[in-house]
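The structure under discussion appears below in the form of structure tokens.
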Amino acid sequence: MAYLPRMVAMALVVAVYAGGVPLQAQPTYDPETREPVVISPTDWEFNNSCASCHGEDGKGAGFLTRVFRGVNPGDLTRLAADNGGTFPVERVYSVIDGRAEVAAHGESKMPVWGDRYMTAATGQWGPDELNELRVRNRIYALVHYLQSIQVPAE
């Protein structure tokens, strides 16, 4: 529980950034040391988890679109432009995580990365109270990268 104040601080920072302040690096915490770290936008997690559907450039032309006919993964470079010029941090995080999506909104064709990342963390570290933080860090890595590839609103 000693890290609870840090988690509250992280949530406040996310809330501030979600209000439209440009987000370049999100403070979070290293699961092992519980020390603050900064997640900078890199394409590693995107290329590992998303590019097969969304394309290396994020515009929606990944190689799996030929396999899953009729599924349009969408242009991830326009998330801010299509949201009045503000990158929707919380919404993007929720969609990537996928674990809290409301069933009433219908089935999503997108994988539930929160479950996949949790399975990977549990496989690597076993049942551990820090696995949720490890999952959040991976999702934030994607969120930050997606924000870094946004095109200006027209």
Mean Cβ-within-10 Å packing, highest first, puts peptides 29-35, 136-142 in the order 136-142, 29-35
Under the 7 Å Cα-to-Cβ spin-label approximation, Ala120 and Thr86 lie apart by a distance in nanometres of 3.1 nm
Subtracting the Cα-Cα distance of Arg66 and Ala153 from 0.36 nm times their residue separation yields 28.4 nm
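Every number in this text was worked out from the coordinates using simple rules, so none of it is lab data. Just so it is clear, the model here is predicted, and its values are computed rather than measured. Cβ sites come from the backbone with ideal geometry, for glycine too, and all protein chains shown count toward neighbours.
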